[in-house]
1. Out of A:Pro40, A:Pro30, A:Pro44, I need the residue that is out of contact with any Pro (no Cβ under 9 Å at 6 or more places or on another chain), crowded, with 18+ Cβ neighbours inside 10 Å and closer than 18 Å to B:Tyr35 by Cα. Which one?
2. Determine which member of the set A:Arg58, A:Arg51, A:Arg37 is charged (D, E, K, R), facing another protein chain (nearest Cβ under 9 Å) and within 27 Å of B:Leu95 (Cβ to Cβ).
3. Pick from A:Lys63, A:Lys106, A:Lys57: which is of a type in the set (D, E, K, R), closer than 19 Å to B:Gly42 by Cβ and in a strand (DSSP E or B)?
4. So if I check each of B:Lys55, B:Lys18, B:Lys13, which one is more than 9 Å from chain A (Cβ to nearest Cβ) and modelled with pLDDT under 95?
5. Return the residues of region A:88-102 that are surrounded by fewer than 20 Cβ atoms within 10 Å (Cβ to Cβ) and farther than 15 Å from A:Ile50 by Cβ; say none if nothing qualifies.
6. For residues that are in a strand (DSSP E or B) and away from chain A (no Cβ under 11 Å), scanning just region B:24-35, find the one that is surrounded by the fewest Cβ atoms within 10 Å (Cβ to Cβ).
7. When the residues of region B:58-86 are narrowed to those that are more than 12 Å from the chain's Cα centre (by Cα) and not in a loop (DSSP other than H, G, I, E, B), which ends up farthest from the other protein chains (Cβ to nearest Cβ)?
8. So B:Leu41 clears everything in (1) among the hydrophobic types (A, V, I, L, M, F, W, C); (2) under 28 Å from A:Cys90 (Cβ atoms); (3) more than 14 Å from chain A (Cβ to nearest Cβ); (4) more than 14 Å from the chain's Cα centre (by Cα) except one condition, right? Which one?
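The values are calculated or read from the model by the stated rules, or taken from the named source; none is laboratory data. Bear in mind the structure is a predicted one, so any value in this text is a computation, not a measurement. All Cβ positions, glycine included, derive from the backbone under ideal geometry; neighbour counts span all protein chains shown.
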Amino acid sequence: SQKIEQNSEALNIQEGKTATLTCNYTNYSPAYLQWYRQDPGRGPVFLLLIRENEKEKRKERLKVTFDTTLKQSLFHITASQPADSATYLCAAEYNFNKFYFGSGTKLNVKP
Amino acid sequence: DVKVTQSSRYLVKRTGEKVFLECVQDMDHENMFWYRQDPGLGLRLIYFSYDVKMKEKGDIPEGYSVSREKKERFSLILESASTNQTSMYLCASSLQRGSSYNEQFFGPGTRLTVL
């Protein structure tokens with residue numbers, strides 16, 4: 001089956017800096033890659049989706065890229081704030097709503 | 001406002017018990033999903049359903065079954081609970097099979113402990 005890998009180590013950055021999170025996939029390229037935010041004790045919340053034929057997508061302070069050569073997606077939060085502290089999950093969608101999630105990367109933004 | 005609700009936030013059951021986890025969505029979504037989330041393993045798909053009475057196995061269906069008798073409700077059943085089924089269970093829904101808008105809406109989760 002497909003594997004989605006995210007850095008399990010927490011990412012600690014200073015407020016105002018850009019946070020960059022990585023998601024790598026194995027084998028086949030997914031039709032879509034999605035990014036979710038999860039706060040402790042809560043379900044994930046959808047942030048952004050990027051299709052296989054798109055290189056980059058933006059939404060306010062968020063940017064996601066999709067590189068099929070490197071088999072990688074990068075998720076950026078610019079001008080990060082302490083309120084951005086959470087765990088961020090990457091999800092790859094293959095055929096017919098078959099989703100594979102990474103284990104998530106915890107982001108800590110220090111004031 | 002979009003809503004996915006799960007019947008319990010916390011549940012404690014004994015080994016061998018039959019356990020029902022209920023999920024309801026109010027968005028008229030076609031697709032519904034059950035995941036379990038464990039530290040270091042991420043979310044793993046147990047079952048999903050793209051229509052009433054239809055179901056598809058995910059990656060880890062063993063020890064679980066599901067029921068979807070109505071569009072808005074998707075139940076996860078643990079036929080005989082075991083300690084290795086202690087986990088956080090998350091239900092999700094999404095709009096339509098084949099739709100461009102495949103974002104999933106998640107419920108708050110049920111933390112199940114099997115003793």
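1. Just one listed residue meets the conditions, A:Pro44.
2. A:Arg51
3. A:Lys106
4. Residue meeting the stated conditions: B:Lys55.
5. Passing the criteria: A:Asn95, A:Phe96, A:Lys98.
6. B:Val24
7. B:Thr83
8. (3)
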